[in-house]
Amino acid sequence: MDGIKYAVFTEKSFRLLVGKNQYTSNVESGSTRTEIKHWVELFFGVKVIAMNSHRLPGKGRRMGPIMGHTMHYRRMIITLQPGYSIPPLFSKEKSFNQNT
């Protein structure tokens, strides 16, 4: 699971999850589709039928007179077979009132 950085939670990713059983996550830019597919199938025990990816550009960052940039990254949209799902990675509820 070295190649998968984290899951993406946006309005579009929720719409794809509910409607088409597609999961969105950011991965290392050097990872290939076959590596990511193998990791997802092995780690979560699901069947992947399709994978779409696109490379997102890095953002410009300025530190005084020097202009730098962040690294680019790759986003994968993983489509699972009907009947399979990936469990949520965070299911623990945080308690805000710990004094009572």
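The values are calculated or read from the model by the stated rules, or taken from the named source; none is laboratory data. Just so we're clear, the structure is a prediction, and the values are computed from it rather than from any experiment. For neighbour counting, all protein chains shown are included, and Cβ atoms are generated from backbone atoms with ideal geometry for every residue, glycine included. Only protein heavy atoms, including side chains, enter the accessible area calculation; ligands, DNA and RNA are left aside. Shrake-Rupley method; radii C 1.70, N 1.55, O 1.52, S 1.80 Å.
Collect the residues in the stretch 10-20 that are outside any loop (DSSP other than H, G, I, E, B) and either within 12 Å of T79 (Cα to Cα) or polar (S, T, N, Q) (or both), keeping them in residue-number order.
Here is the first cut: in the stretch 10-20, the residues outside any loop (DSSP other than H, G, I, E, B) are 11-20.
Result: S13, L16, L17, V18, G19, K20.
Name the residue that is nearest to the chain's Cα centre (by Cα), counting only residues in the stretch 6-20 that are modelled with pLDDT of 85 or more and open to solvent by 100 Å² or more (accessible area, probe 1.4 Å).
Just the residues of the stretch 6-20 that are modelled with pLDDT of 85 or more, to begin with: 7-20.
In the following step, the residues that additionally are open to solvent by 100 Å² or more (accessible area, probe 1.4 Å) were identified as 9, 11-12, 14-15, 18, 20.
On the way: F9: 8, E11: 14, K12: 13, F14: 12, R15: 15, V18: 16, K20: 16 Å.
Here the answer is F9.
Within the stretch 40-87, which residues are aromatic (F, W, Y) and either open to solvent by less than 60 Å² (accessible area, probe 1.4 Å) or under 19 Å from E11 (Cα atoms) (or both)?
The first filter runs over the stretch 40-87 and keeps only residues aromatic (F, W, Y), leaving 43-44, 73, 84.
Within the stretch 40-87, just F44 meets the criteria.
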Check: If Y23 satisfies every condition in (1) among the aromatic types (F, W, Y); (2) surrounded by fewer than 13 Cβ atoms within 10 Å (Cβ to Cβ); (3) within 15 Å of R75 (Cα to Cα) but one, which is the exception?
Finding: (2)
Notebook entry, point to check: Which of (1) of a type in the set (A, V, I, L, M); (2) in contact with a strand residue (DSSP E or B) (Cβ under 9 Å, 6 or more places away or on another chain); (3) at pLDDT 90 or above does I66 not meet, given it meets every other one?
Noted result: (2)
Checklist line | Single condition R75 does not satisfy, out of (1) touching a residue at least 60 places away in the same chain (Cβ under 8 Å); (2) in a helix (DSSP H, G or I) | finding: (2)
